[in-house]
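The next block holds one structure in the form of structure tokens; read it before the comments.
The values are calculated or read from the model by the stated rules, or taken from the named source; none is laboratory data. All figures in this text were calculated on a predicted structure; none of them were measured in a lab. Cβ sites come from the backbone with ideal geometry, for glycine too, and all protein chains shown count toward neighbours. The accessibility values were calculated without ligands, DNA or RNA, using every heavy atom of the protein model including side chains. Shrake-Rupley method; radii C 1.70, N 1.55, O 1.52, S 1.80 Å.
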Amino acid sequence: MKAIVYASTGPSDVLSLVEREVAQPGPGEVRIRVVASGVNPTDWKAREGGGAGSALGFDEVVPNQDGAGVVDALGEGVTGLAVGDRVWVYLAAHQRPTGTAQAFTVLPADRVVALPEGIGFDVAASLGVPAMTAHRALTVHEHGPARLSPGALTGRTVLVHGGAGAVGHAAIQLAAWAGATVITSVSSEEKEALARAAGAHHVVRYPDPALAERIQELAPNGVDHIVEVAPTQNAALDVEVIANHGSIAYYANNNGDEFTVPIIASFAKNVRWQGLLLYTVGPDALHAAAEDVTAALVDGALPVGESAGLPITWFPLEETAAAHDAVEGGAVGKVLIRVADEA
Ligand SMILES: NC(=O)c1ccc[n+]([C@@H]2O[C@H](COP(=O)([O-])OP(=O)(O)OC[C@H]3O[C@@H](n4cnc5c(N)ncnc54)[C@H](OP(=O)(O)O)[C@@H]3O)[C@@H](O)[C@H]2O)c1
């Protein structure tokens, strides 16, 4: 079978296309014939490592955490999945070398989720990292729901920074599905159109020295949940617009590695600054996210494509390096790799 591998970290030219044996699933594992592989910033960051040549932990690694395909074989003891099931997967390359940029991958069964009928592999391969991150960010409020479902966020206002980003897009969709009023920030007219197509009720543009006032006009009682991609730039703004007992779930260090916050204004509002890393959040949060994302899929709440606010750019498996470079270069929307035909 064809696989993309890297044997040392570094720029995208460490990736090469090789032929490998198809592996057998062990106890508790599932083999998947991959149809589509999703690329996220974490994939190029892991590949890049701390510099060329830094230790990998495995002789070689197949990149990409997210993907979708068809169950091809089951290891001993696996229940709830059957050969032929259409599935999406998450954390495929976490602490194992078995990412989705290959024709077949073998994963622990609990990283494999059955797709509801009628959901395309483009949607499925876009879920993993973005949807699960967004789910966690929307469920860490002190007085908010731990799970998402229609109505779970009714009466609440959510501010999603970067609504045209992959995580931002998923956060808009999940929050709107759960009944929230969604405000999002974007940096251009093109991204404003995408964020509206995703379902945001209000879109504000940054940079803007009057951004806090604009958000306060839209949410006079304050914003309950903030999904934060760039705390270095937005921390002070967030504290200004957050409601009493509001939560700010920060999941990225875009444009800066440190942030400062006004202390009194933060504690006076009982603000919860909630960090979030999918790799360490733990199985309960991941399983909850997988279940709720499945329910949202059944409701048709997570479409992709330009008309749904997430343009897709496809690459063939052979061009996985170019796909990584596109994500690193800030491609708008979602970058997917077509690993095989659907049939
Ligand atoms: N902690 C975790 O578990 C976790 C999970 C998923 C992703 N991440 C990280 O989260 C980041 C985003 O991932 P992604 O896949 O969503 O990337 P993406 O599709 O490139 O989106 C990033 C978005 O952030 C926006 N942005 C940057 N600075 C902003 C600011 N000051 N205010 C508002 N928006 C701003 C960008 O818009 P402009 O370019 O127009 O400014 C862009 O739309 C990456 O660094 C990724 O590694 C972490």
Condition first: hydrophobic (A, V, I, L, M, F, W, C) and away from the ligand (no atom under 16 Å from the Cβ). Now tell me which residues in region 239-273 satisfy that. Ala243, Ile263, Ile264, Ala265, Phe267, Ala268, Val271
Tell me, please, whether a residue that is closer than 30 Å to Ala288 by Cα, open to solvent by 10 Å² or more (accessible area, probe 1.4 Å) and assigned to a strand (DSSP E or B) can be found in region 147-166. yes
Pick from Glu142, Glu217, Glu213: which is more than 27 Å from Asn40 (Cβ to Cβ) and modelled with pLDDT under 95? Glu142
Which listed residue is surrounded by fewer than 17 Cβ atoms within 10 Å (Cβ to Cβ) and either modelled with pLDDT of 95 or more or under 23 Å from the mean Cα position of the chain (by Cα) (or both), from Glu258, Glu240: Glu258
Taking the condition within 15 Å of the ligand (Cβ to nearest atom) and not polar (S, T, N, Q), does Leu218 pass? no
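With crowded, with 21+ Cβ neighbours inside 10 Å and more than 16 Å from the ligand (Cβ to nearest atom) as the only criterion, which of Ala7, Ala82, Ala3 stands out?
Ala3
Matching residues to (1) closer than 16 Å to Ala171 by Cα; (2) surrounded by 13 or more Cβ atoms within 10 Å (Cβ to Cβ); (3) at pLDDT 95 or above:
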| site | (1), (2), (3) |
| --- | --- |
| Asn244 | no, no, yes |
| Phe267 | no, no, yes |
| Leu277 | yes, no, yes |
| Pro303 | yes, yes, yes |
| Trp314 | no, yes, yes |
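Taking the condition of being touching a strand residue (DSSP E or B) at 6+ places or on another chain (Cβ under 7 Å) and among the hydrophobic types (A, V, I, L, M, F, W, C), how many residues in region 262-287 meet it? If you could, list the steps in order and put the result at the bottom.
First, the residues of region 262-287 that are touching a strand residue (DSSP E or B) at 6+ places or on another chain (Cβ under 7 Å): 269-276.
Checking which are among the hydrophobic types (A, V, I, L, M, F, W, C) leaves us with 271, 273, 276.
Residues that pass the stated criteria total 3.
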Kindly check whether there is at least one residue in region 138-153 that is farther than 26 Å from Leu218 by Cα and not aromatic (Phe, Trp, Tyr). no
Taking Ser307 and the conditions (1) within 16 Å of the ligand (Cβ to nearest atom); (2) out of contact with any strand residue (DSSP E or B) (no Cβ under 6 Å at 6 or more places or on another chain), which numbered condition does it fall short on, given that it satisfies the others? (1)
Test result for Pro116, touching a Gly at 6+ places or on another chain (Cβ under 7 Å), at pLDDT 95 or above and away from the ligand (no atom under 15 Å from the Cβ): no
For the subset of region 122-177 comprising residues that are away from the ligand (no atom under 15 Å from the Cβ) and among the hydroxyl-bearing types (Ser, Thr, Tyr), which member is farthest from Ala301 (Cα to Cα)? Thr157
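In the set Ala125, Ala109, Ala103, Ala114, which member is buried (at least 24 other Cβ atoms within 10 Å of the Cβ) and touching a residue at least 12 places away in the same chain (Cβ under 8 Å)?
That would be Ala125, the only listed residue that is buried (at least 24 other Cβ atoms within 10 Å of the Cβ) and touching a residue at least 12 places away in the same chain (Cβ under 8 Å).
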